[in-house]
1. Setting aside same-chain residues fewer than 8 positions from residue 182, which aspartates and glutamates have a Cα under 15 Å from its Cα?
2. Using a cut-off of 10 Å between beta-carbons, work out the net charge of the residues near residue 79 (Lys and Arg +1, Asp and Glu -1, residue 79 not included).
3. Among 11, 103, 75, flag the residue with its Cα farthest along the positive direction of the charge dipole of segment 4-182, charges on Cβ as +1 for Lys/Arg and -1 for Asp/Glu.
4. Whole-Hz ³J(HN,Hα) for each residue in segment 127-143, computed from phi via Karplus 6.51 cos²θ - 1.76 cosθ + 1.60 with θ = phi - 60°, x for glycine and proline: what do you get?
5. Among the DSSP beta bridges whose two residues both lie in segment 4-182, what percent are antiparallel, rounded to the nearest 5?
6. Tabulate in residue order the Karplus-calculated ³J(HN,Hα) for segment 41-54, using 6.51 cos²θ - 1.76 cosθ + 1.60 with θ = phi - 60°, rounded to whole Hz; enter x for Gly and Pro.
7. Using 0.36 nm per residue, how much length does the chain from residue 83 to residue 116 gain when fully extended, once their Cα-Cα distance is taken away?
8. Which of 90, 75, 51 has the fewest other C-beta atoms within 10 Å, and how do the rest follow up to the most?
Amino acid sequence: MIDLLTTEKQFLSSHLRKGGVAVDFTMGNGHDTAWLSAQVGEEGKVYAFDIQKQALEQTALTLKKEGSPDNCTLILDSHTEVERYVKEPICAGMFNLGYLPGSDKSVTTLCSSTMAAVEAALRLLEDGGGLLVAVYPGHAEGTREGEMLESFFSRLDRKKICVSKLKIVNSPTSPFFFLAEKREKAGDGKGSAG
Ligand SMILES: C[S@@+](CC[C@H](N)C(=O)[O-])C[C@H]1O[C@@H](n2cnc3c(N)ncnc32)[C@H](O)[C@@H]1O
């Protein structure tokens with residue numbers, strides 16, 4: 001059986017490299033932040049965002065527990081503000097939408113801010129970079145986010161950004177994810193067909 005949390009990392013990992021810059025747009029308990037931190041290594045950098053102070057506190061503990069390199073900047077602000085903090089191109093970004101498990105379900109990601117943040121993430125993505133967006137359609141706002149993102153991603157020019165989706169088709173309320181991959185510039189030998 002497919003485990004979303006493992007599979008999404010497998011899909012994103014080819015875009016991560018030591019020394020790269022990555023963004024966790026939905027920090028939560030910091031599991032994704034810790035994973036990104038290990039992937040980019042000591043010479044890399046991770047920016048992580050959340051609007052809940054509790055998430056920053058929990059993430060600091062997670063990073064300590066995981067023995068993560070000292071390469072993370074934890075930011076108490078909405079991911080819509082990412083371009084105020086991140087000035088360099090990023091090799092990878094991650095969104096795990098929805099609410100913090102075991103916490104206040106009313107503090108969830110919302111269509112309008114998610115859309116603005118995804119657009120900003122795509123602007124920041126370096127050539128060859130990847131953006132992972134995991135959607136949780138088991139609640140009303142999650143369903144709306146999924147529909148909105150599907151419509152948005154389907155309209156992007158595939159010659160510039162190629163977007164894939166992994167979904168369990170016979171489990172409609174299970175999480176699914178999109179992977180948006182920015183094309184390498186022509187002539188670098190890394191372009192793909194299609
Ligand atoms: C499903 S949880 C993320 C799980 C997390 N990636 C982890 O590894 O534990 C979603 C998180 O998004 C946060 N969030 C909601 N709206 C946000 C916003 N506008 N900007 C940044 N984070 C937001 C929530 O507070 C919550 O912690």
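Every read-out reported here was derived from the displayed coordinates using simple, explicitly stated rules and does not represent laboratory data. Keep in mind that what you see is a predicted model, and the values were worked out from it rather than measured. Here the Cβ positions follow ideal geometry from the backbone for every residue, glycine too, while neighbour counts run over all protein chains shown.
1. Answer for residue 182, where 15 Å is the Cα cut-off: 119, 126, 127, 157, listed by chain and number.
2. Details: positive: none; negative: 24, 50, 77, 81.
Combined, the nearby Lys, Arg, Asp and Glu give -4.
3. After comparing all options, I get 11.
4. Residue by residue, segment 127-143 yields 4, x, x, x, 10, 9, 10, 9, 10, 10, x, x, 9, 4, 5, x, 4 Hz.
5. Working: 13 of 31 bridges.
About 40 percent, rounded to the nearest 5.
6. Whole-Hz 3J(HN,Hα) from phi for segment 41-54: x, 4, 7, x, 8, 10, 9, 10, 10, 7, 9, 10, 4, 4.
7. Details: separation 33, 0.36 × 33 = 11.88 nm, distance 1.10 nm.
Extra length from residue 83 to residue 116 when fully extended: 10.8 nm.
8. On the way: 90 24, 75 21, 51 17.
Fewest-to-most Cβ neighbours within 10 Å comes out as 51, 75, 90.
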